[in-house]
1. Within the range 26-43, which residues are open to solvent by 30 Å² or more (accessible area, probe 1.4 Å) and modelled with pLDDT of 75 or more?
2. Scanning for something open to solvent by 30 Å² or more (accessible area, probe 1.4 Å) and modelled with pLDDT under 85, does the range 61-77 turn up at least one residue?
3. Can you work out which of the residues in the range 110-158 that are within 11 Å of the ligand (Cβ to nearest atom) and touching a residue at least 40 places away in the same chain (Cβ under 8 Å) is most open to solvent (accessible area, probe 1.4 Å)?
4. Please count how many residues of the range 159-181 are buried (at least 17 other Cβ atoms within 10 Å of the Cβ) and of a type outside the set (Ser, Thr, Tyr).
5. Filter the range 205-225 for residues that are free of Cβ contacts under 8 Å to residues at least 60 places away in the same chain and more than 26 Å from residue 24 (Cα to Cα) and give the result.
6. It is to be established whether one or more residues within the range 348-364 are in a strand (DSSP E or B) and aliphatic (A, V, I, L, M).
7. For residue 445, state whether it is open to solvent by 20 Å² or more (accessible area, probe 1.4 Å), of a type outside the set (Lys, Arg) and within 30 Å of residue 588 (Cα to Cα).
8. Collect the residues in the range 55-108 that are touching a helix residue (DSSP H, G or I) at 6+ places or on another chain (Cβ under 7 Å) and among the acidic types (Asp, Glu), keeping them in residue-number order.
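The values are calculated or read from the model by the stated rules, or taken from the named source; none is laboratory data. Keep in mind that what you see is a predicted model, and the values were worked out from it rather than measured. Using ideal geometry, Cβ is built from the backbone for each residue, glycine included, and neighbour counts are taken over all protein chains shown. Accessible surface areas use protein heavy atoms only, side chains included; no ligands, DNA or RNA. Shrake-Rupley method; radii C 1.70, N 1.55, O 1.52, S 1.80 Å.
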Amino acid sequence: MKRIRNFSIIAHIDHGKSTLSDRLIQTAHIVADRDFKDQILDNMDIERERGITIKSQTVCLPYVAADGQAYTLNLIDTPGHVDFSYEVSRALASCEGALLLIDASQGVEAQTLANLMLAMEHDLEIIPVINKIDLPSADIERVKQQIKEDLGLDPEGALLVSAKEGTGIAEAMEAIVHRLPPPKGDADAPLQALIFDSHYDPFRGTIVHFRVFQGAIKPGDRIRFLSNGYTYKVEEVGLFQIVRKPQRAIAAGEVGYLIAGIKTVSDTRCGDTITLHANPCPQPLPGFREAQPVVFASIYPVAADTYEELTVALEKLKLNDASLIYEKDTSAALGFGYRCGFLGLLHLDVVQERLEREYDQSIILTVPSVGYKLILNDGEEMMIDNPVLYPDPTTIQQSLEPYIRASIIVPDRYMGAVMKLALDRRGINKNYQYLTSNRLEMIFELPLSEVIYDFYDRLKTVTQGYGSFDYEIIEYRPGKLAKLDILINGERVDALSQLVHEDRAYSRARVACDKLAEEIPRQQFKIAIQGTIGGKIIARSTVNAFRKDVTAKCYGGDITRKRKLLEKQKKGKKRMKMVGKVMLPQSAFLAVLKSD
Ligand code: GTP
């Protein structure tokens, strides 16, 4: 155990975590160089395209240090987005140390700080690493000063690295060995292991990723998950070295995987404790909680006859994504579909994209909503995330909405712009502090409903890309809630309804009507769009009729151009849904949430 090091790399998005991971893997020679694909750890297509880590992966690196001793370095990868911070916290709980990666030209950002806080909560030993020192804009002295002043760490111990060029990698390996502590634990005690991730393999079922704190686990053992009491017989245990390497046992201090005929990943819960059925540990490891969806939306197939296909696609997706929850839903306008809960908007985006790309589904996604708490006149409490289920308003005594605590880090010249943005979103400024002479951390409390759609995009715009943002949900607070309905040609389209704050009702209705008028293509007849609350019309707009002959534009001859236009039209139609006589494009459902 003395020769094991369990560590993570924590960083703000784009500071180079994947690139550094790849370098460390390359140094350990577990993959032949010619097989080396960039960013081995990010193996989902969508992750690759977006360049952010969504599912974490672990890798076990053999390493012979300068002192001639052989070590095992377990690199536990963490997801790189605020939506997945619980998963990050479980991964960190499996480590003794962390490399805190900071981009030499960008410096410390909101997520650097947030991740450092998480790492400190787990008492991890931290090695600051300044990456991208090859960049002409690298300012090592400035970053060292931030490490000292913003993070309270010793800048002298910071490693200087260029993950891209391979500079400083050998030093990083040595630092992991000599500056991070080995794990502790008793291999003979009753088994106590932490699940920090799991993924689905079509041939073997769920592969559980875990860290053993006490005891050992081997094939043939009957194990039990403490949160749900499920028991399984272990078929295989092993290490990840990009591919799975079966082992005879995984003991205290080690990190590995197990296969035990577990059908879906939803039966394994991130943060749960694994023990032996016959000889259980006295208590679970601390910190377990169920994944909580925070954003909800319904998914409908564009063509009603593909509902069965959608059902199968969701089931398959769910096998691999324990945090996705869904249940049947019906809409008068859109027919049969599913109400889904997501960890955040990025998670929603990823699910939508995977359904379309991996499962070839054409879907309509309704307006995303947060979950509200209602206290009814008879004292009963109900949670509601679906406008369709909103009760008669006269039966509601009070409505409460979720609030977040947001940390925004910006150069101070953007202070005014950020303040305006946050206050416009009903934010309350709780605090601000200078991290350095010109960088500011601003703390706001904001209703979650005001940030879910485009807050982050707006922040990036008003700060010209310099603002960074991190948040956590804090509590439910009273808020005046109303249900905004949209009528199209006099017919209420339930899938366009949204729950809004009363003070926002008029502006939301206005925006929704205007946006819809932009998004809905002109048709042979005039289309009236109305926003109503409790039957009262508060906004309206119109899409005028016209005879649609797009090819008329192509005066005469050019047949290829004509064909292209028709192709384009056909593609556009794929994500259209007939509502009554009116054709609604997918974009309409999201557009109603946009603020400008
Ligand atoms: P997430 O997965 O979103 O957390 O991003 P990441 O932190 O893994 O960042 P990634 O490794 O994908 O790197 C982001 C960008 O920085 C990529 O374009 C890399 O090529 C680049 N990059 C990483 N390390 C270096 C470096 O040392 N020097 C330079 N110049 N660029 C680097």
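1. 26, 27, 29, 30 - these are the residues of the range 26-43 that are open to solvent by 30 Å² or more (accessible area, probe 1.4 Å) and modelled with pLDDT of 75 or more.
2. Within the range 61-77, none of the residues are open to solvent by 30 Å² or more (accessible area, probe 1.4 Å) and modelled with pLDDT under 85.
3. Ranking the qualifying residues of the range 110-158, first place goes to 132.
4. Matching residues across the range 159-181 total 12.
5. 205, 216, 217, 218, 219, 220, 221, 222, 223, 224, 225
6. Yes - at least one qualifying residue is present in the range 348-364.
7. So residue 445 fits the description; yes.
8. Within the range 55-108, 77, 83 meet the criteria.
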